[in-house]
1. In this structure, does residue B:239 turn out to be more than 18 Å from the chain's Cα centre (by Cα), within 14 Å of chain A (Cβ to nearest Cβ) and either in contact (Cβ under 8 Å) with a residue 24 or more places away in the chain or assigned to a helix (DSSP H, G or I) (or both)?
2. Output yes when any residue across segment A:59-76 is assigned to a helix (DSSP H, G or I), within 14 Å of chain B (Cβ to nearest Cβ) and crowded, with 23+ Cβ neighbours inside 10 Å, and no when none is.
3. Out of A:167, A:242, A:228, which single residue is touching a helix residue (DSSP H, G or I) at 6+ places or on another chain (Cβ under 7 Å) and surrounded by 21 or more Cβ atoms within 10 Å (Cβ to Cβ)?
4. Hey, among the residues in segment A:92-119 that are more than 14 Å from chain B (Cβ to nearest Cβ) and part of a helix (DSSP H, G or I), which one's surrounded by the fewest Cβ atoms within 10 Å (Cβ to Cβ)?
5. From the set of residues in segment A:77-86 that are within 9 Å of chain B (Cβ to nearest Cβ) and surrounded by 22 or more Cβ atoms within 10 Å (Cβ to Cβ), which is farthest from residue A:10 (Cα to Cα)?
6. Looking only at segment A:125-139, which residues are more than 18 Å from residue A:181 (Cα to Cα) and outside any helix (DSSP H, G or I)?
7. If I go through segment A:140-176 residue by residue, how many of them are assigned to a loop (DSSP other than H, G, I, E, B), touching a strand residue (DSSP E or B) at 6+ places or on another chain (Cβ under 8 Å) and within 12 Å of chain B (Cβ to nearest Cβ)?
């Protein structure tokens, strides 16, 4: 396959991507997706449709796939500088304080102490955790820990942020609040985002594109373009056109899952 | 106010008084029986009782009388225990690092470490004495042999079982292998290592005294508490034997207290890990 990518190709390009487990059972099949810079893409679908797997391929953690995946023209495993992941769990080092946890990616990169402290401070402020800098992970609530995880991801100024159900374990109020904050952060410093969720409302509120996957094996069922412009306010959730799209999307998902 | 509030101080004090009471009571019963049943004089009865059960004040007196021998022996035993413990901890952790980095090495060498652990130290001790001669080094080596297995077993477990999600995090950060070991695997294994260290610390004084019984020597003041025990038995100095037990007990407390303090200091900041590993 040609490794050169023409100037016209999309920022993130996925072509006939397939992937099977070691026992041969297929997880993903024939995934084609072109994503432009600064898009917010949500992957949604039933359990086992391979959304998390797709994210892990994009993050470079899985390399045993078929087809081609490029992030700004490079293989996922070479694009480590450009992308960063936020996992389902906060995944913090329990022996480090919040500040040191946020600094970790820069420390591993060899960024000098003063520089990484400055960057980490900015990001901690951005996620609103100035008062928790000196705390240890066990002293944080679930939502706070997730904010730390996001701040940590942002220190590397990623062009692509990969988020795997980051707020799945939180209650709805907290999740809504963090969704709004995530969009605010993104408005200040745009990045392309891939986001896995089970919630249609969350998907529509956040994204420019909702990619609906079907299961066995995971394929793209449909792609829904979300027309609402940024910045989006909390009130968007109550607007009739939002509710209409929500109902339509939910019905579409239900109908497909029943067959 | 309930009695519960005073428990930590009051209850041990009450039990101490109770034990002292029973101790003196049994002593006086023995004396009475010697006088009434065997027709001993008061003085003979006390002497006879003393070789069976010296009273606490007599034990204290023995500590004072034997202070030169006992303190030198205590110092020797303490040094051997500390040296053996430090060797067990450092060598044990180094070996577990090797095991964690090479599965092949672990599979090859682990059975032999088990063999070493399964062979009673009491049998190994005379062999060590023959090979390297009696003295501090031999005693430390026996202490080491008792203490290094729990350190290896626990630390290897900790190094191998590092959280997969944290490993993924280091992978997406493009961390080098050396960074993964230094910043992730080693700190992650600390609670496991410290549990092994606690066990080794508890065993160290026991190992040093047991070892000393076999490889201790009185030449050039090298006797430890184990050797003194043998010596007091052969000269029937029973109060001094009790005195030796008291000193050994104090050394044991110093070690257990020390390792518990290190364990607490190292982990107090990440609470839940203490809860996870404490038994």
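Here, each number is a calculation from the coordinates, and none is a lab measurement. Everything numeric in this text was worked out from a predicted model, so none of it was measured. Here the Cβ positions follow ideal geometry from the backbone for every residue, glycine too, while neighbour counts run over all protein chains shown.
1. No, not satisfied.
2. Narrowing segment A:59-76 to residues assigned to a helix (DSSP H, G or I): A:76.
Filter again for within 14 Å of chain B (Cβ to nearest Cβ), leaving A:76.
Add one more test, that the residue is crowded, with 23+ Cβ neighbours inside 10 Å, and what stays is A:76.
Within segment A:59-76 (the criterion being assigned to a helix (DSSP H, G or I), within 14 Å of chain B (Cβ to nearest Cβ) and crowded, with 23+ Cβ neighbours inside 10 Å), the answer is yes, since at least one residue qualifies.
3. Working: A:242 fails: surrounded by 21 or more Cβ atoms within 10 Å (Cβ to Cβ); A:228 fails: surrounded by 21 or more Cβ atoms within 10 Å (Cβ to Cβ).
None of the other options fit; the residue is A:167.
4. Taking segment A:92-119 first, the residues more than 14 Å from chain B (Cβ to nearest Cβ) are A:112-115, A:117-119.
In the following step, the residues that additionally are part of a helix (DSSP H, G or I) were identified as A:113-115, A:117-119.
On the way: A:113: 10, A:114: 8, A:115: 11, A:117: 16, A:118: 12, A:119: 20.
Applying the filter and picking the extreme gives A:114.
5. Step one: of segment A:77-86, the residues within 9 Å of chain B (Cβ to nearest Cβ) are A:80-81, A:83-85.
If we keep only those that are surrounded by 22 or more Cβ atoms within 10 Å (Cβ to Cβ) too, we end up with A:83-85.
On the way: A:83: 16, A:84: 19, A:85: 21 Å.
Here the residue is A:85.
6. Taking segment A:125-139 as the starting set, the residues that turn out to be more than 18 Å from residue A:181 (Cα to Cα) are A:133-139.
Residues satisfying the conditions are A:133, A:134, A:135, A:136.
7. Summing the residues that are assigned to a loop (DSSP other than H, G, I, E, B), touching a strand residue (DSSP E or B) at 6+ places or on another chain (Cβ under 8 Å) and within 12 Å of chain B (Cβ to nearest Cβ) in segment A:140-176 gives 2.
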